[in-house]
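Just so it is clear, none of the values below were taken in a lab; they were calculated from the coordinates. This is a predicted model, so every value here is computed, not measured. Ideal geometry is used to build each Cβ from the backbone, glycine not excepted, and the neighbour counts take in all protein chains shown.
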Amino acid sequence: MALSAAQDHKTVFDGDRGPNTGGMGAFTPVASMDAAMRARVMRGIVEPTFAGIARAGAPYRGVLFVGLMLTAEGPKVIEYNVRFGDPECQAIMTAMEGDLLPLLDAVARGAPLPTPAPATRAAVCVVVASGGYPGHYPTGMPIDGIDEAERVPASWSSTPARRCATAGW
């Protein structure tokens, strides 16, 4: 079962400038990951990956994050992680309907997976990083402006649970 797709922003500055990072934020849904592309990724990448893992005698139960680059030749794998991708996970979890716990519990027990409600919300998550990141940067710096940001009306939700940010790194 696959959750929603999310796209991250790798460069440290706007306009795709600056060095690459672990991700300065992410959003979901991703327009280029339509039903046809999703089926192509599942059929051409995800299913063969799990089949190869099983053939190697190492059946896997858990989270598999597949980082992709969509190219003119089709989707290409950049990375696999056996954890949720950061910051993509923040956007996916923020937009997700329902509770993730029953899914994780079923995976851990090897039980049939409940069908999650499809995500119906969009989410944009932004990373707040100390000046100088991803190079040498000071740590333990205060994050200012949170109170002002909390007062900004949000049309999609006014609850902090539907907002996301990562501080530090």
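Sparsely packed loop sites in the stretch 1-66 (the chymotrypsin sites (Phe, Trp or Tyr not before Pro) outside DSSP H, G, I, E and B with at most 14 other Cβ atoms within 10 Å) comprise Tyr60.
Spatially, the stretch 49-80 and the stretch 2-17 are offset by 19 Å when compared through their Cα centroids.
For the stretch 48-125, relative contact order (Cα pairs under 8 Å, six or more residues apart, normalised by length) works out to 25 percent. For Ala106, project a label point 7 Å along Cα to C-beta. Then give me every residue of the stretch 1-42 with its amide nitrogen under 15 Å of that point. Flagged as within label range: 1-4.
Taking each residue as 0.36 nm, the span from Tyr137 to Ile45 lengthens on full extension beyond its C-alpha to C-alpha distance by 29.4 nm. What FRET efficiency do you get for Ala2 and Arg55 if R0 is 30 Å and r is their Cβ-Cβ distance, rounded to the nearest 0.05? For Ala2 and Arg55, the calculated efficiency is 0.90. Charges were assigned to the Cβ only: +1 to each Lys and Arg, -1 to each Asp and Glu. The resulting dipole of the stretch 1-123 about its Cα centre is roughly 360 debye.
How high is the relative contact order of the chain, in percent, counting Cα pairs under 8 Å that sit 6 or more residues apart? That works out to 23 percent.
Rounded to 0.05, the FRET efficiency of the Leu64 and Asp16 pair, given R0 = 35 Å and the Cβ-Cβ distance, is 0.80.
Summing Lys and Arg as +1 and Asp and Glu as -1 over all other residues whose Cβ lies under 12 Å from the Cβ of Glu88 gives a net charge of -1.
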